[in-house]
Amino acid sequence: MKIQKSTLALFATASLFAMATAASAQTVNLRYLCYADANECDVARDLLDRFEKANPTIKVTVDKVGFAVIREQLETRLQGGEAPDMARVTNLGGLNKYYLDLRPHVNASYWENNFATTLPWMRVGENDKGIYGFLTQITVTGPFVNKTMFDQAGVKMPGAGATWDDWAKATAEVQKKGKVYAGMVMDRTGHRFAGVSISYGAKYFDAKGNPSNVVDDGFKAVAERMVQWHKDGLMPQDLWPGASGAKWKNAGDMFINNDVAMVISGSWMIQRFQTDVGDKFEWVVPPQPCGPAGCSAMPGGAAMVAFKATKHPAEVAKVMEFMASEAILKEYYERTVQIPAHKGIAEKGLNYGKEVGPETQAALKQFTADFQKISPVAHQLQSYQRNVAIFNATVNYVAQAITGTLTLPQAYAKVQEEIDNAVSK
């Protein structure tokens, strides 16, 4: 009798172990590599907690990393077979060959109807109809201005239609009168440079859509100004001259620390400035400054994409469909204070909440207005598969012209040479 009880106990224990093992084996574990300008990864984690509660057999780990990891290391990981299941990326077309096409697993009409403007940014070629992800934000480049500095210096801010030269003159006056460290500063990236150069007439592409003559008169006009502005001390030595190669540097800290009157960055910094500037000073986003060819910003954004190396494409698609659903994405945009990339949400409007102050509301309104004025050249450059090669060559060699390592003509030749080499591969 004792033997029978013992046998039954062992059988029950074995059965429970088998059931637990089976349940564990059925759980799919996914990884989402995420960078944040502010709270984007934290909000994503909160929303994914809800997803996991509704889908207990799918677990998603959010690996939060710095932007430099996404920009400089992710493609190496993808090449080496170390891809996450999903990631938040900005090199949208450049990583196309690694993407998972979600079309077989999702409601394609929903994606096409609501993300029609930005789905092509992740595709390559006219025949590519893949659905690879969605934009977690639309971004618009442009300046933020320390209004308090202008007021204290008694300098009037240039108005709508003002040129970049007008702003350079005004910020130089603020710098001198207020004894400020710098008048203007630009993020160290060819992406910010591009918006200004397009306003000066830069075309970037020939009639066939090839970047065969990037260094045209519009490009040169801005490169010459960048060199002169640094020589004059209007722009600081910390950013463009302060790093080597194509290394990206964010100028936002200088603005937050009250060291500069104007920072040339973009809409993704709104929430961080709202949080980190606080009541230290009043800041505004002015209308996009102009050049002789227009007042264009550069569009951009970050997308949550899926990778074809995943072992669980159906489960990944389920996560992506949840995150891209209208109610969830609306909440995401509101909590992260983003310009929506979803047509239905944009048409219905967002409620950013009482915690979003008047400066932020005004900034969002201005950047949204600036988006409507973006040059077709800027949209073409943003969707170009190898645009990172253009941006990297720009910052690398224009920075060397600023430091005097190269003359401007030498820098121009190097820029085009590097772009030609990248395109020919």
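Computed from the coordinates by the stated procedures, all read-outs in this text should not be read as laboratory data. Owing to the predicted nature of the structure, the values given are computational and were not obtained by experimental measurement. Cβ placement follows ideal geometry from the backbone for every residue including glycine, while neighbour counts extend to all protein chains displayed.
Would you mind putting 69-75, 191-197, 146-152 in packing order, based on average other-beta-carbon counts within 10 Å, highest first?
So the peptides 69-75, 191-197, 146-152, ranked by packing, come out 191-197, 146-152, 69-75.
Per 0.36 nm of contour for each residue apart, how much would the distance between residue 206 and residue 244 grow if the chain were fully extended, relative to their Cα-Cα spacing?
10.7 nm
Please give the contour-minus-distance gain from residue 181 to residue 127: 0.36 nm per residue of separation, less the Cα-Cα distance, rounded to one decimal in nm.
On the way: separation 54, 0.36 × 54 = 19.44 nm, distance 5.11 nm.
Gain in length upon complete extension: 14.3 nm.
For a Förster distance of 56 Å, can you work out the FRET efficiency between the beta-carbons of residue 113 and residue 281, rounded to the nearest 0.05?
E between residue 113 and residue 281, to the nearest 0.05, is 0.85.
If you fit an axis through the alpha-carbon atoms of helix 217-232 and take the longest principal axis of the Cα set of the chain, what angle between them do you get, 0 to 90°, nearest 10?
80
In whole Hz, with x marking every Gly and Pro, tabulate ³J(HN,Hα) for region 111-120 from phi via Karplus 6.51 cos²θ - 1.76 cosθ + 1.60, θ = phi - 60°.
5, 5, 5, 9, 10, 4, 5, 10, 3, x
Return the percentage of antiparallel bridges among DSSP beta bridges fully within the chain, rounded to the nearest 5 %. Please list the in-between numbers first.
Numbers: 22 of 37 bridges.
So the antiparallel bridges in the chain amount to around 60 percent.
What residues qualify as long-range amide H neighbours of residue 59, i.e. H under 5 Å apart, gap of 5 or more or another chain, H built at 1.01 Å from N?
Residues meeting the criterion, in which the H sits 1.01 Å from N, are 28, 29, 30.
Determine ³J(HN,Hα), in whole Hz, for all residues of region 144-153 in sequence, where each value follows from phi through the Karplus function 6.51 cos²θ - 1.76 cosθ + 1.60 and θ = phi - 60°; x replaces Gly and Pro.
So the J values, rounded to whole Hz, are 10, 10, 7, 5, 4, 4, 4, 5, 5, 7.
Using θ = phi - 60° and the Karplus curve 6.51 cos²θ - 1.76 cosθ + 1.60, what whole-Hz ³J(HN,Hα) does each residue of region 298-305 get, with Gly and Pro shown as x?
Those phi angles translate into 10, x, x, x, 10, 10, 8, 10 Hz.
For residue 99, enumerate residues with amide H under 5 Å from its amide H, sequence gap 5+ or separate chain, H modeled in the peptide plane.
When sequence neighbours closer than 5 places are left aside, the close amide H contacts are 308.
Hey, of (i) 25, 57, 18, 1; (ii) 25, 53, 17, 4, 1; (iii) 21, 44, 26, 9, 1, which did the structure itself give for P(r) over Cα pairs in 20 Å bins from 0, in percent when calculated?
The listed entry that was calculated here is (ii).
How far apart, in nanometres, would the label points at residue 379 and residue 45 be if each is projected 7 angstrom from Cα along the Cα-to-Cβ direction?
3.8
Whose amide H sits under 5 Å from the amide H of residue 265, counting only residues 5 or more places off or on another chain, with H placed in the peptide plane?
Long-range HN contacts for residue 265: 142, 144.
What full-extension length gain, to one decimal in nm, is calculated for residue 346 and residue 31 as 0.36 nm per residue of separation minus the Cα-Cα distance?
110.5 nm
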